[in-house]
Amino acid sequence: MYIGPWHIPPQDIFKAFLSPLFPSLKQGLPDAERYISTVYDIRLPRLLLALMAGAALSVSGASLQALFKNPLVNEYILGLSSGAAFGAAISIVFLGQHFPPQISAFAFSVVAVLAVWTVAKKSDSQIISLLLTGVIVSAFFSALLSLAEFFASPYALQSLFSWLMGDLSQAGWRPLALSLPLMGLGTVGLILMRWRMNVLSMSDEEAKSLGVNIRNEKLLVIFLATLITSAATAVAGIIGWIGLIVPHLVRMMVGVDNRRVVPLSAALGAGFLILADDLARSLASFEIPVGIFTSLIGIPFFIFLLKKSKKVWL
Amino acid sequence: MSIRIQDLRYGYRNFSLHVQSLAFESAKMTSIVGPNGAGKTTLLKCLSAILPVSKGSVFVDGRDVASMPEEERAKILAYVPQEHSSAFNYTVEDYVLMGRAAYITLFSTPSSSDVRIVQEALEYVGLSRYASRPYFQLSSGERRLVLIARALAQKSDILVLDEPTSFLDPKHETEILDLAKKLAVEKKKTILVTLHNLDLAVKYSDVMVFMKKGILVACGQPDDILTETLLENVYEIKMHIIRYNGRKFIVK
């Protein structure tokens with residue numbers, strides 16, 4: 001909460017933060033109302049968003065990797081990010097400033113995942129067809145996105161780009177009111193299912209013979225992961241690679257048991273995004289979109305991972 | 001627990017399995033033999049409801065397997081696959097713990113009593129010292145034992161093993177089948193295995209089932225049903241049966 005374009009001394013931040021509880025602290029502050037509003041209306045929601053979005057994206061990444069039995073899967077594999085991007089584009093380009101892009105981003109990410117699910121469920125080998133359909137649906141929505149960009153005005157284009165690159169600066173209490181509870185609920189649900197993910201990461205035949213209703217349980221995991229990813233994406237834009245890097249870091253440290261991987265991914269993901277956001281806000285005199293930071297760290301890591309994929313920690 | 005099959009049918013493209021009637025008794029070891037593509041594995045998967053079977057074709061103690069919920073079925077019947085592959089290298093203990101899935105609800109994690117059951121299962125198959133080793137560091141013989149330990153953790157009365165001895169050396173073959181026999185005798189479990197090694201099948205089985213092209217050819221105690229005519233009929237090559245120490249041996 002200390003870091004930001006407007007310098008507030010740390011002790012004043014602390015006072016401003018506690019002032020609703022202890023009104024006497026206000027007297028010590030030079031510009032009490034502005035300090036308090038900066039802390040409560042700008043920095044606290046942003047911190048909460050980074051915390052929850054980091055946790056949500058990492059947990060959904062870890063869960064989907066277990067579910068798809070593939071450690072290279074990320075939270076956007078089901079076409080979710082391209083759906084969300086197109087939704088945001090529609091709202092920013094055609095509906096103007098008055099309609100919040102979050103709602104239409106959320107709606108279209110759900111549409112994309114539903115599309116993937118309906119196309120894929122008819123096939124025998126669900127996993128492969130889900131991944132394949134995810135790629136196809138992504139490509140389709142990317143084309144639609146390009147079309148929207150083509151029609152966009154330069155101003156709309158700029159605000160669309162900042163959203164596409166991941167941007168936590170939109171955090172305010174109004175958009176958070178809906179997405180924080182959704183992220184919290186889904187993340188807690190997936191963390192509770194952490195041991196079940198071990199069983200779900202077995203082959204379908206094995207999981208079935210162990211007494212698991214694989215269809216329903218997989219649907220539940222996909223539903224929760226979609227819910228939290230789209231809730232995070234809707235407010236924070238597309239923040240790539242967290243769901244891939246964080247679970248892998250955790251597996252390197254503690255092994256593959258999802259009883260540890262899932263909850264620790266939540267903790268590490270939250271910390272990682274807060275750190276990335278702090279860097280994004282403070283490294284330059286202007287704000288760099290946080291999605292750029294996560295990708296700058298994420299992609300070299302991904303290459304390192306591919307080079308080293310001798311199943312050392314898997 | 002006993003299994004009864006009644007007019008079981010399962011088919012895909014150019015193969016169809018049809019077993020008119022067959023029963024497996026408890027505390028007995030039954031081996032299913034026959035050439036490749038005879039439908040042995042398909043039969044086991046149908047019994048274990050891994051492949052969808054129509055209602056009214058497989059009964060365990062009179063209860064229809066097809067209409068049982070998954071977790072209930074897993075408590076009475078455990079299926080041991082030929083091999084296991086995974087993108088994640090779980091430890092032996094974590095792996096065997098998955099056998100408890102039917103007893104653990106969706107949103108909870110294994111309790112200390114689950115862990116104790118897993119330790120007992122590992123001890124029974126003689127792998128206690130490997131509990132914290134990664135699964136893929138074990139040899140094929142040890143991996144089979146882990147798969148069996150996981151099935152034991154399911155605490156089911158019926159154990160279905162799909163070719164538990166394939167790719168194993170004679171020592172591990174014997175070890176696995178000794179273990180299966182011990183489970184039938186000591187723990188009164190109903191054991192079903194598919195085997196390719198006929199001599200081992202004769203040695204270990206209480207009952208042998210011969211299959212060919214999806215159909216049951218013969219069924220009974222090895223000593224009673226094993227003849228040269230039957231072998232030639234099933235495998236389409238000439239084999240001889242010789243007696244040594246009162247046991248039948250097959251010479252190709």
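Here is how the numbers come out for the structure above:
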| quantity | calculated |
| --- | --- |
| Degrees between helix A:126-151 axis and first principal axis of chain A (Cα, 0 to 90, nearest 10) | 40 degrees |
| Among A:243, A:61, A:28: highest mean-square fluctuation, GNM of chain A, C-alpha pairs under 10 Å | A:28 |
| Protection-proxy order for peptides A:105-114, B:3-12, each taking the mean of Cβ atoms within 10 Å per residue, highest first | A:105-114, B:3-12 |
| Selection from B:86, A:146, B:217, by position along the positive dipole direction of the protein assembly as shown (Cβ) | B:217 |
| 222 nm mean residue ellipticity, helices alone, for the protein assembly as shown (DSSP H n ≥ 4; -39,500 (n - 2.57); rounded to 500) | -17500 deg cm²/dmol |
| In degrees, nearest ten, helix A:154-164 long axis to first principal axis of chain A (Cα) | 60 degrees |
| Total lysine pairs under 18 Å (Cα atoms) in region A:10-307, excluding pairs fewer than 8 apart on one chain | 8 |
| Residues A:253, A:183, sorted so that the one with the fewest Cβ neighbours within 10 Å comes first | A:253, A:183 |
| Sorted by Cβ density within 10 Å, fewest first, the residues A:165, A:202, A:252, A:197 | A:252, A:165, A:197, A:202 |
| Two-site label geometry, residue A:253 and residue B:123: point separation in nm, points 7 Å out along Cα→Cβ | 3.5 nm |
| Three-way shape call for region B:178-252 based on the alpha-carbon gyration tensor, with the a/c threshold at 1.5 | oblate |
| Cα gyration tensor, the protein assembly as shown - rounded (a/c under 1.5), prolate or oblate | prolate |
| Cα-based helix-to-principal-axis angle, A:80-94 vs chain A, degrees rounded to 10 | 50 degrees |
| Global geometry of region A:173-314, whether rounded, prolate or oblate, following the gyration tensor of its Cα atoms and the 1.5 cut on a/c | oblate |
| Dipole in debye (nearest 20) - chain A, about Cα centre, beta carbon charges: Lys, Arg +1; Asp, Glu -1 | 760 debye |
| Signed unit charges on C-beta, dipole axis of chain A, positive-most listed residue A:42, A:211, A:190 | A:211 |
| Number of partner chain Cβ atoms within 10 Å, mean per residue of B:81-91 | 6 |
| Label-reachable residues, region B:196-213, where backbone N falls under 12 Å from a point 7 Å from residue B:181's Cα toward its Cβ | B:200-206 |
| Cβ-placed point charges (K, R +1; D, E -1), dipole of region A:105-250 about Cα centre in debye, nearest 20 | 280 debye |
| Local net charge near residue A:191, Cβ-Cβ under 12 Å (Lys/Arg +1, Asp/Glu -1) | +4 |
| In sequence order, calculated HN-Hα J values of region B:240-249 (Karplus, 6.51, -1.76, 1.60; Hz; x Gly/Pro) | 10, 10, 10, 9, 9, 6, x, 10, 7, 10 |
| Choice from A:174, A:43, A:251 with maximal GNM fluctuation in chain A (Cα, 10 Å cutoff) | A:174 |
| Point-to-point label distance, residue A:128-residue B:188, nm (Cα→Cβ direction, 7 Å offset) | 4.6 nm |
| Peptide B:69-75, shielding by other chains (average Cβ, 10 Å cutoff) | 4 |
| All aspartates and glutamates inside 18 Å of residue B:238 as judged from Cα atoms, apart from same-chain residues fewer than 8 positions distant | B:199, B:228 |
| Volume in Å³ per residue [convex hull over Cα atoms, computed for region B:3-251] | 140 Å³ |
| For residue B:212, residues with placed amide H under 5 Å, excluding near neighbours | B:217 |
| For A:258-271, mean number of other protein chain Cβ atoms within 10 Å | 1 |
| Given charges at beta-carbon only (K, R positive; D, E negative), |dipole| of region B:37-164 in Debye | 100 debye |
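Each value in this text was obtained by applying a stated rule to the coordinates, not by laboratory testing. Bear in mind that the values here come from a model prediction, so they are computed numbers and not experimental data. Counting neighbours? That spans all protein chains shown, and the Cβs are built from the backbone with ideal geometry, glycine included.
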